[in-house]
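Just dropping this structure here.
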Amino acid sequence: MTAQNAEVVICGAGIAGISTAWRLAVKHGTRNVVLVDSRPPMTLTSDKSTEAYRNWWPGPDDAMVRLMNRSIDLLEEMAEASDNRFLMNRRGYLYATADPERADAMHAAGVLASSYGAGPLRVHSGGAGGPDYLPTPAEGWKDQPDGADLILGEGLLRKTFPFLSQETVAVLHARRCGWFSGQQLGMLQLEEARAAGVEVIEGRVEWIETTGGRVSSVQIGTGNEIVSVATPQFVVAAGPMLREVGALLGLELPVFSELHLKMSLEDQLGVVPRDAPLLIWEDPQRLGWSDEEREFVAELADGELLLGEMPPGVHARIEGGRESRYLLILWPYHLDPVAENFPLPIPDHYAEICVRGISTMIPGLGAYVERMPKPWIDGGYYTKTKDNRPLAGPLPIDGAFVHGALSGYGLMASAATAEMVALHITQGQLPDYAGAFLPARFDDPEYLALIEGWDDTTQL
Ligand SMILES: Cc1cc2nc3c(=O)[nH]c(=O)nc-3n(C[C@H](O)[C@H](O)[C@H](O)COP(=O)(O)OP(=O)(O)OC[C@H]3O[C@@H](n4cnc5c(N)ncnc54)[C@H](O)[C@@H]3O)c2cc1C
């Protein structure tokens with residue numbers, strides 16, 4: 001057994017742990033930060049993401065819009081300072097519907113998000129004298145509008161997005177949104193954190209010692225030996241193992257996980273233009289099966305689901321640079337809470353279901369149902385709370401903090417959630433939205449009653 005000291009020990013080198021280490025060491029000058037992970041950094045969930053970001057959160061209040069606006073400000077600062085090493089773009093999210101009632105709902109959601117600070121809603125109804133619609137550049141993030149463009153006029157819609165289904169009646173193009181390389185974002189922060197003195201230990205946090213109700217040391221199994229680190233502060237940033245590591249502190253963290261898969265496919269026919277935004281189909285749908293297929297599908301474990309009305313939210317984006325022909329497609333149609341098992345249970349038919357679903361939005365992709373280029377499938381768990389908001393702050397043991405439950409938005413939120421966690425640790429001035437993300441909110445019966453009626457329909 002070897003022994004050492006640290007000011008802060010962080011458990012988990014995904015985006016949550018790395019961004020916390022970076023904030024503490026680079027921005028607060030905290031010395032002696034130790035980052036622990038049994039896996040190589042950024043290899044469990046944080047490199048499986050769609051890497052997209054948005055400030056478009058028409059939810060029950062303005063907390064998520066404010067958090068994401070702050071996070072995107074910080075991401076833009078990092079992009080500026082690093083000559084955009086992590087390739088941040090600003091192509092936007094394009095939500096589309098073939099249902100006139102849903103178009104009305106999009107309008108209402110747009111007004112709501114706008115009132116929360118997401119930027120103005122510009123409605124393009126097709127009449128003369130309306131606002132201008134600015135197309136998005138394929139690369140870069142600067143000098144772009146925020147808010148959203150709701151396009152209802154058929155002329156502009158068909159001209160701008162000719163590859164969408166002719167049934168589409170409205171699209172909402174949210175503009176302070178896009179994607180970046182999550183891996184590069186993590187590596188940039190890890191390199192800078194290391195240069196500022198952060199030590200990375202490859203090992204598993206196996207035991208946390210508390211003395212007089214406060215954190216006193218952490219035991220790390222490295223395979224060869226136990227490293228004991230005496231520390232007054234410990235951050236749980238264990239992603240899908242949040243509950244497991246919380247239990248080492250004797251705590252039950254209020255989280256559960258959903259399985260989210262993603263496929264990539266070579267768009268050999270060039271159906272989706274390489275400068276397209278992130279594309280989301282907002283309508284539920286029934287997949288078209290032949291009688292023979294129907295019989296086969298009925299025998300599958302999830303056959304009933306696949307033959308019935310499937311949920312909205314199938315989405316896609318292009319992947320890679322100009323020469324690449326790859327597309328990412330995701331359809332989270334299984335949303336039951338599940339155990340966090342690795343390797344992931346991936347159904348054989350996931351890719352075919354995604355391609356069938358996205359073909360409703362982009363009919364040209366239907367060609368791949370019969371002649372499917374070899375798909376690649378990966379994914380991970382959305383570890384989340386009941387209100388689908390992060391846990392960022394102190395735990396009920398002195399010196400213990402959590403940065404997690406980052407659900408499906410961990411890369412985009414990490415800059416602002418890490419900022420909050422680091423401010424809690426260093427006892428700095430917190431932003432006024434910090435209360436919405438405190439773990440202690442789940443001890444308040446009034447809050448629990450309030451969120452009973454919440455339904456995060458914006459999750460992708
Ligand atoms: C399919 C999919 C699509 C997504 N799309 C997006 C998106 O478009 N935009 C976005 O912002 N987010 C997206 N996300 C969400 C995002 O990927 C996650 O929120 C984020 O990666 C979570 O980061 P994390 O650091 O909390 O967890 P992880 O990246 O899982 O890191 C946790 C780390 O903790 C380590 N660990 C656990 N227990 C221990 C222990 N006892 N000792 C030592 N180490 C331990 C693990 O080994 C792991 O490396 C997506 C996620 C998925 C699955």
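The values are calculated or read from the model by the stated rules, or taken from the named source; none is laboratory data. Not measured: the values here are computed from a predicted model. Glycine also receives a Cβ, built like all others from the backbone with ideal geometry; neighbour counts cover every protein chain displayed. Quick note on the areas: whole protein, heavy atoms, side chains included, nothing else; ligands and nucleic acids left out. Shrake-Rupley method; radii C 1.70, N 1.55, O 1.52, S 1.80 Å.
Within region 73-91, can you find the residues that are open to solvent by less than 10 Å² (accessible area, probe 1.4 Å) and not in a loop (DSSP other than H, G, I, E, B)?
Of everything in region 73-91, those that are open to solvent by less than 10 Å² (accessible area, probe 1.4 Å) and not in a loop (DSSP other than H, G, I, E, B) turn out to be LEU74, LEU75, ALA79.
Something else about it: Here are the criteria: (1) crowded, with 17+ Cβ neighbours inside 10 Å; (2) in contact with a Gly (Cβ under 6 Å, 6 or more places away or on another chain). Tell me which single one ALA118 does not satisfy.
The single condition ALA118 does not satisfy is (2).
Also, I was wondering about something else. Can you tell me which condition ARG70 does not meet? The list is (1) of a type outside the set (S, T, N, Q); (2) within 12 Å of the ligand (Cβ to nearest atom); (3) not in a loop (DSSP other than H, G, I, E, B), and all the others hold.
Exception for ARG70: condition (2).
Residues that are in contact (Cβ under 8 Å) with a residue 60 or more places away in the chain: find the helices (runs of 4 or more DSSP H) completely inside region 237-315 holding 3 or more of those.
Values: elements: 242-248, 291-298, 303-307.
In region 237-315, 242-248 are the helices (runs of 4 or more DSSP H) which contain 3 or more residues that are in contact (Cβ under 8 Å) with a residue 60 or more places away in the chain.
Here is a follow-up. Working carefully through the options ARG294, ARG274, ARG317, ARG325, find the one that is in contact with an Asp or Glu (Cβ under 6 Å, 6 or more places away or on another chain) and either basic (Lys, Arg) or within 16 Å of LEU460 (Cβ to Cβ) (or both). Before the answer, list the steps.
On the way: ARG294 fails: in contact with an Asp or Glu (Cβ under 6 Å, 6 or more places away or on another chain); ARG274 fails: in contact with an Asp or Glu (Cβ under 6 Å, 6 or more places away or on another chain); ARG317 fails: in contact with an Asp or Glu (Cβ under 6 Å, 6 or more places away or on another chain).
Checking each option against the conditions leaves just ARG325.
Now, a different point. Being farther than 16 Å from GLY59 by Cα, of a type in the set (Gly, Ala, Ser) and open to solvent by less than 30 Å² (accessible area, probe 1.4 Å) is the filter here; which residues of region 92-115 pass it?
GLY92, ALA96, ALA103
On to the next question. In region 34-44, is there at least one residue being acidic (Asp, Glu) and within 11 Å of the ligand (Cβ to nearest atom)?
Checked against the condition, which is being acidic (Asp, Glu) and within 11 Å of the ligand (Cβ to nearest atom), region 34-44 yields at least one hit.
Do we have any residue at all in region 126-149 that's assigned to a helix (DSSP H, G or I), aromatic (Phe, Trp, Tyr) and in contact (Cβ under 8 Å) with a residue 40 or more places away in the chain?
Here is the first cut: in region 126-149, the ones assigned to a helix (DSSP H, G or I) are none.
No, there is no match, as no residue in region 126-149 is assigned to a helix (DSSP H, G or I), aromatic (Phe, Trp, Tyr) and in contact (Cβ under 8 Å) with a residue 40 or more places away in the chain.
Next question. Considering only residues that are more than 12 Å from the ligand (Cβ to nearest atom) and assigned to a loop (DSSP other than H, G, I, E, B), look in region 195-222 and name the one that is nearest to VAL33 (Cα to Cα). Walk me through it before giving the result.
Kept after step one, since they are more than 12 Å from the ligand (Cβ to nearest atom), are these residues of region 195-222: 195-199, 209-217.
If we keep only those that are assigned to a loop (DSSP other than H, G, I, E, B) as well, we get 196-198, 212-213.
Working: ALA196: 10, GLY197: 7, VAL198: 5, GLY212: 23, GLY213: 22 Å.
If we take residues in region 195-222 being more than 12 Å from the ligand (Cβ to nearest atom) and assigned to a loop (DSSP other than H, G, I, E, B), then VAL198 is nearest to VAL33 (Cα to Cα).
Cβ-Cβ below 8 Å, separation at least six or inter-chain, first residue in region 32-44 and of a type in the set (Ser, Thr, Tyr), second near the ligand (Cβ under 8 Å from one of its atoms) and outside any loop (DSSP other than H, G, I, E, B): which pairs?
SER38/ARG204
Residue check, VAL229 against (1) open to solvent by 50 Å² or more (accessible area, probe 1.4 Å); (2) over 30 Å from LYS142 (Cβ atoms); (3) not polar (S, T, N, Q), all met but one. Which one?
Here VAL229 meets the rest and fails (1).
Consider only pairs whose beta carbons are under 6 Å apart and that are at least six residues apart or on different chains; among these, list those whose first residue lies in region 203-220 and is closer than 13 Å to VAL245 by Cα and whose second residue is more than 11 Å from the ligand (Cβ to nearest atom) and open to solvent by 50 Å² or more (accessible area, probe 1.4 Å).
Every condition considered, the pairs that remain are GLN219/ILE226.
When you scan region 393-404, do you find a residue that is β-branched (Val, Ile, Thr), within 14 Å of the ligand (Cβ to nearest atom) and in a loop (DSSP other than H, G, I, E, B), even just one?
Narrowing region 393-404 to residues β-branched (Val, Ile, Thr): 397, 402.
Add one more test, that the residue is within 14 Å of the ligand (Cβ to nearest atom), and what stays is 402.
Narrowing further to those that are in a loop (DSSP other than H, G, I, E, B): none.
Looking for residues that are β-branched (Val, Ile, Thr), within 14 Å of the ligand (Cβ to nearest atom) and in a loop (DSSP other than H, G, I, E, B), one finds none in region 393-404, hence no.
In region 16-49, how many are part of a loop (DSSP other than H, G, I, E, B), within 22 Å of LEU423 (Cβ to Cβ) and not small (Gly, Ala, Ser)?
Number satisfying all stated conditions: 4.
Within region 201-224, is there a residue that is open to solvent by 60 Å² or more (accessible area, probe 1.4 Å) and closer than 23 Å to ARG317 by Cβ? I'd like the intermediate steps shown before the answer.
Start the filter on region 201-224 by keeping residues that are open to solvent by 60 Å² or more (accessible area, probe 1.4 Å), which leaves 202, 204, 206-207, 209-212, 214, 223-224.
Next, from what is left, pick out any that are closer than 23 Å to ARG317 by Cβ: none.
No, region 201-224 contains no residue that is open to solvent by 60 Å² or more (accessible area, probe 1.4 Å) and closer than 23 Å to ARG317 by Cβ.
Also: Inspect all residues belonging to region 424-434 and state whether any of them is open to solvent by less than 50 Å² (accessible area, probe 1.4 Å) and of a type in the set (S, T, N, Q).
Our first condition is that a residue be open to solvent by less than 50 Å² (accessible area, probe 1.4 Å); within region 424-434, this holds for 424-425, 428, 431, 433-434.
Next, only the ones that are of a type in the set (S, T, N, Q) stay: none.
The answer is no, given that none of the residues of region 424-434 is open to solvent by less than 50 Å² (accessible area, probe 1.4 Å) and of a type in the set (S, T, N, Q).
For region 267-278, name all the residues that are of a type in the set (Asp, Glu) and loosely packed, with under 15 Cβ neighbours inside 10 Å.
If we filter region 267-278 for residues that are of a type in the set (Asp, Glu), which is where we start, we get 267, 275.
Within region 267-278, ASP275 is the sole residue that qualifies.
Right, something else. Check off (1) within 10 Å of the ligand (Cβ to nearest atom); (2) open to solvent by 40 Å² or more (accessible area, probe 1.4 Å); (3) not in a loop (DSSP other than H, G, I, E, B) for GLU340 and give me the number that stays unchecked.
(3)
Quick test for you: out of ILE397, ILE346, ILE377, ILE353, pick the one residue that is out of contact with any strand residue (DSSP E or B) (no Cβ under 7 Å at 6 or more places or on another chain), of a type in the set (Val, Ile, Thr) and touching a residue at least 60 places away in the same chain (Cβ under 8 Å). Before you say what the answer is, go through the steps one by one.
Values: ILE397 fails: out of contact with any strand residue (DSSP E or B) (no Cβ under 7 Å at 6 or more places or on another chain); ILE346 fails: out of contact with any strand residue (DSSP E or B) (no Cβ under 7 Å at 6 or more places or on another chain); ILE377 fails: out of contact with any strand residue (DSSP E or B) (no Cβ under 7 Å at 6 or more places or on another chain).
Step by step, each of ILE397, ILE346, ILE377, ILE353 is checked, and only ILE353 is out of contact with any strand residue (DSSP E or B) (no Cβ under 7 Å at 6 or more places or on another chain), of a type in the set (Val, Ile, Thr) and touching a residue at least 60 places away in the same chain (Cβ under 8 Å).
Scan region 151-189 for residues that are part of a loop (DSSP other than H, G, I, E, B) and either crowded, with 20+ Cβ neighbours inside 10 Å or not acidic (Asp, Glu) (or both) and report the count.
Taking region 151-189 as the starting set, the residues that turn out to be part of a loop (DSSP other than H, G, I, E, B) are 152-153, 161-169, 175-176, 180-181.
Subset that is either crowded, with 20+ Cβ neighbours inside 10 Å or not acidic (Asp, Glu) (or both): 152-153, 161-166, 168-169, 175-176, 180-181.
Total meeting the criteria: 14.
Can you tell me which residue in region 234-265 is nearest to the ligand (Cβ to nearest atom), limited to those that are charged (D, E, K, R) and touching a helix residue (DSSP H, G or I) at 6+ places or on another chain (Cβ under 9 Å)? Full working, then the answer.
Step one: list which residues in region 234-265 are charged (D, E, K, R), which gives 243-244, 252, 258, 262.
Add one more test, that the residue is touching a helix residue (DSSP H, G or I) at 6+ places or on another chain (Cβ under 9 Å), and what stays is 252, 262.
On the way: GLU252: 16, LYS262: 4 Å.
Applying the filter and picking the extreme gives LYS262.
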